[in-house]
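Peer 1: I have a structure here, written as structure tokens, and I will follow up with some questions on it.
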């Protein structure tokens with residue numbers, strides 16, 4: 001019997017780090033390398049998904065960089081952003097105190113919850129980090145909602161080993 005692979009939502013920081021020119025900043029460079037290694041060696045262990053918001057975010061900025069990001073995500077399955085997703089997004093934005101300028105972060109969460117995605121892969125730990133995980137888990141448990149596990153490319157294997165997926 002074929003094993004069903006865990007579902008993984010690829011948030012827009014992943015194609016950004018993977019396709020960017022090598023950074024001189026040590027932390028950014030480390031994240032670039034870890035993301036590229038994950039993408040090359042680990043992505044096939046997951047069913048990959050994105051949303052229209054990821055596509056829109058990848059299209060922004062420098063045209064050549066945007067082209068690389070779009071090429072990076074071109075074969076990933078697109079999830080719908082329904083009215084239910086938009087409603088959940090507003091709830092998460094308020095619950096997690098996500099500022100309006102970063103409202104797409106709550107939308108990424110809502111897409112994952114509505115579609116019962118196992119993992120949300122991101123480098124955005126400001127709004128999609130451990131505190132968001134705890135608050136979202138509490139809210140979702142109280143309301144009978146699915147909760148994805150938030151992970152970065154360097155923590156995803158640890159999350160899986162701990163039984164998070």
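Peer 1: Dividing the convex hull volume of the Cα atoms of segment 1-75 by its residue count, what figure in Å³ per residue is obtained?
Peer 2: On the way: hull volume 6.9 nm³, N = 75.
It comes to 92 Å³ per residue, whole-number rounded.
Peer 1: Taking the beta-carbon count within 10 Å as an exposure proxy, list 149, 54 from fewest neighbours to most.
Peer 2: Numbers: 149 21, 54 26.
Ranked by crowding around the Cβ, least crowded first: 149, 54.
Peer 1: Next question. Mind checking which of 56, 25, 154 has the largest fluctuation in a GNM of the chain, springs on alpha carbons under 10 Å?
Peer 2: Of 56, 25, 154, the Gaussian network model singles out 25 as fluctuating most.
Peer 1: Sticking with this structure for a sec: Can you give the FRET efficiency for residue 157 and residue 25, using 1/(1 + (r/R0)^6), R0 = 25 Å, r = Cβ-Cβ distance, to the nearest 0.05? Each step should come with its number before you reach the end.
Peer 2: Numbers: r = 25 Å, r/R0 = 0.98.
Efficiency at R0 = 25 Å is approximately 0.55.
Peer 1: Evaluate the relative contact order of segment 46-160 (contact order divided by residue number), counting alpha-carbon pairs under 8 angstrom at least 6 apart; express in whole percent. Each step should come with its number before you reach the end.
Peer 2: Details: 125 pairs, mean separation 24.9, N = 115.
22 percent.
Peer 1: GNM on the chain, C-alpha springs below 10 Å: top fluctuator among 125, 112, 58?
Peer 2: Checking each option, the largest mean-square fluctuation is seen for 125.
Peer 1: Sticking with this one: Fewest to most neighbouring Cβ within 10 Å: what's the order for 33, 156?
Peer 2: On the way: 33 16, 156 23.
Exposure proxy ranking, most exposed first: 33, 156.
Peer 1: I've got another one for you. Taking 0.36 nm per intervening residue step and subtracting the Cα-Cα distance, what contour gain separates residue 83 from residue 56 on full extension?
Peer 2: Length difference between fully extended and current span is 7.9 nm.
Peer 1: Still on this structure: For residue 66 and residue 102, calculate 0.36 nm times their separation in residues minus their Cα-Cα distance, and state this gained length in nm to one decimal.
Peer 2: Taking residue 66 through residue 102 to full extension adds about 11.0 nm, to one decimal.
Peer 1: Separate question: Going by average Cβ density within 10 Å per residue, which order do the peptides 59-68, 37-46 take, highest to lowest? Before the final figure, lay out the partial values.
Peer 2: Details: 59-68: 12.4, 37-46: 14.3.
Final packing ranking: 37-46, 59-68.
Peer 1: Provide the FRET efficiency to the nearest 0.05 for the residue 41-residue 116 pair, computing r from the beta carbons and using R0 = 30 Å.
Peer 2: Details: r = 26 Å, r/R0 = 0.86.
That gives a FRET efficiency of 0.70.
Peer 1: Now for a separate question. Over the chain, one equal point on each Cα, no solvent: what is log10 I(q)/I(0) by the Debye formula at q = 0.13, 0.15, 0.19 Å⁻¹?
Peer 2: Taking Cα atoms of the chain as identical point scatterers yields -0.60, -0.81, -1.31.
Peer 1: Could you let me know the centre-to-centre spacing of segment 101-162 and segment 23-44, using Cα atoms, in angstrom?
Peer 2: 20 Å
The numbers here are math on the coordinates, done by the rules we state, and not lab data. Everything numeric here is computed off the predicted structure, so don't read it as measured data. Glycine gets a Cβ as well: all are built from the backbone with ideal geometry, and neighbour counts include every protein chain shown.
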